[in-house]
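Written out below as structure tokens is the structure these notes cover.
What follows draws every value from the coordinates through simple rules; no lab data is involved. Just so we're clear, the structure is a prediction, and the values are computed from it rather than from any experiment. Note that we place each Cβ from the backbone using ideal geometry, even for glycine, and neighbour counts take in every protein chain shown.
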Amino acid sequence: MSPLKTGLGPVARAGGGGKPRPSVSFEFSPPKGPKSEASLWEAIRRLEPLNPTFVSVTYGAGGSTRERTHRTVVRMLNETTLKPAAHLTCVEASRAEVDEVIRDYWDAGIRHIVALRGDPPGSLGGAYSPRADGYQNATELTAGIRAIAPFDVSVGLYPQVHPESPSVDHDIEVLKAKIDAGATRAITNFFFDFDGFLRFVERVRKAGVTIPILPGIMPVTSFEGLSNMSRRIGVTIPTWLSNLFDGLDEDPETRKLIAASVATEMCARLAEEGFSDFHFYTLNRADLVYAICRVLGVREPLTETPKEAAA
Ligand SMILES: Cc1cc2nc3c(=O)[nH]c(=O)nc-3n(C[C@H](O)[C@H](O)[C@H](O)COP(=O)(O)OP(=O)(O)OC[C@H]3O[C@@H](n4cnc5c(N)ncnc54)[C@H](O)[C@@H]3O)c2cc1C
């Protein structure tokens, strides 16, 4: 009987195995202090055995985390088996200053940068005004990075259109310009409109883009936080998602269970659609991402059952 006829859902079908192991990557933020540093490293250590393709560390608005981002990626490089990527933005810095950061990364052994324009400091979603002596956008930054050294460069992509963009077609043209400048991979913003995402990727592919497109997966742990952020960056929260979290403000355990099932189903369905690379916004926590990865077949080697061990 075909798996579809068993009546199993996408998660159970994923558990049946038989698909090649997808690639996963994990995004972290640099810690703000010693306590968050300890929990960040706990998450890193928990996810490390899943052997991600890379892990990335964000860059705070206006370069506010420049030192902390640098310290975190270099520690990952030196103390783990992970391949770290550093996010870098153009915000409030001259080209010379950004170039110095790029050279420092190369000298420290970092070989992958996630190149972004960045948002104006303090006002996510507000108007952006580039510095005259700085990189104007992520396309220029990508070219600048590649002019300095042969980094692997990832760039951002927006399944629901970037809030400043006039159209999907414009976003696709911008992506193509970034690829011409040397980008090798696109990581999408998080999204909840599954069918809209598939249509978007189809359009991007039809336009001739062949680089890997990594769906950005955000397991929702704080619905209020997610709603605020989504409003400012133009991501639609569907009614079914608000309904699922309605009335759970004081119930973090149930929120977590729901978050896991939403993200797991999304990933299992994407895998069935042929996606083989996934980027997780971990929010510096491992538990949900670890569980979702298992559903995708990303795990440490299978442990023997007692029966098999005795045979
Ligand atoms: C995966 C991911 C990770 C992120 N990480 C961070 C982070 O660590 N720190 C942070 O501050 N922000 C981060 N962001 C947010 C990002 O900085 C914002 O979304 C920002 O508003 C746009 O960044 P971008 O690199 O997509 O911009 P760009 O691609 O530069 O686009 C910005 C504007 O410039 C225009 N533009 C760009 N290139 C061209 C071109 N060649 N021709 C004409 N117009 C052009 C675009 O149309 C758009 O209007 C991340 C986003 C994503 C998707």
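Legend: distances between Cα atoms for Lys32/Lys83; Lys19/Lys256; Lys19/Lys206; pairs beyond 24 Å are Lys19/Lys256; Lys19/Lys206.
Taking the beta-carbon count within 10 Å as an exposure proxy, list Leu8, Leu141, Leu244, Leu47 from fewest neighbours to most. Each step should come with its number before you reach the end.
Numbers: Leu8 13, Leu141 28, Leu244 17, Leu47 24.
The fewest-first ordering by Cβ neighbours comes to Leu8, Leu244, Leu47, Leu141.
Between the amide H of Asp152 and those of His112, Ile113, distances stay under 5 Å, these residues lying 5 or more places away or on another chain, with hydrogens modeled in the peptide plane. Reported to the nearest whole Å, the Cα centre-to-centre distance from region 126-149 to region 88-118 is 10. Once both axes come from the Cα atoms, what is the angle between helix 138-148 and the longest principal axis of the chain, in degrees from 0 to 90, rounded to 10? In the chain, helix 138-148 runs at an angle near 80 degrees to the longest axis. Under the convention that each Lys and Arg Cβ holds +1 and each Asp and Glu Cβ holds -1, the size of the dipole of the chain around its Cα centre is about 600 debye. Residues Ser167, Ser56, Ser222, arranged from fewest to most other Cβ atoms within 10 angstrom of their Cβ, appear as Ser167, Ser222, Ser56. Modelled this way, with points 7 Å down the Cα-to-C-beta line, the labels at Asn228 and Ala132 are 3.6 nm from one another. Summarising the amide proton neighbourhood of Ser29: residues at separation of 5 or more, or on other chains, whose placed amide H is nearer than 5 Å comprise Thr58, Asn284. Partners of Lys176 within straight-line reach, counting aspartates and glutamates whose Cα lies under 17 Å from its Cα and excluding those fewer than 8 residues away in the same chain: Glu140, Asp152, Glu202.
Against the main long axis of the alpha-carbon atoms of the chain, helix 66-79 sits at an angle near 50°. Length gained on full extension, Ala38 to Trp240: 69.2 nm, using 0.36 nm per residue less the C-alpha separation. Close amide H pairs (under 5 Å, H built 1.01 Å from N) link Val24 with Thr53, Phe278, residues at least 5 positions away or on another chain.
With a ≥ b ≥ c the root eigenvalues of the C-alpha gyration tensor of region 4-116, is it rounded (a/c under 1.5), prolate (a/b larger than b/c) or oblate? Can you show the working numbers first?
Values: a/c = 2.44, a/b = 2.10, b/c = 1.16.
Cα axes put region 4-116 in the prolate bin.
Looking only at the chain, where both bridge partners belong to it, what percent of the DSSP beta bridges are antiparallel (to the nearest 5)? DSSP beta bridges in the chain are roughly 0 percent antiparallel.
Using the Cα coordinates of region 10-310, the gyration tensor eigenvalues translate into equivalent-ellipsoid semi-axes of 30, 23, 20 Å, sorted from longest to shortest. Placing a label point 7 Å from the Cα of Val11 along the Cα-to-Cβ line, the residues of region 213-253 whose backbone N sits under 16 Å from it are 218-221, 241, 244-245, 253. Taking the fewest neighbouring Cβ atoms within 10 Å as the starting point, the ordered list for Val204, Val168 is Val168, Val204. In whole angstrom, note down how far apart the Cα centers of region 163-222 and region 53-78 are. Comparing the Cα centres of region 163-222 and region 53-78, I get a distance of 23 Å. Per-residue ellipticity at 222 nm, computed for the chain from helices alone with -39500 (n - 2.57) per DSSP H run of at least four residues, works out to -13500 deg cm²/dmol.
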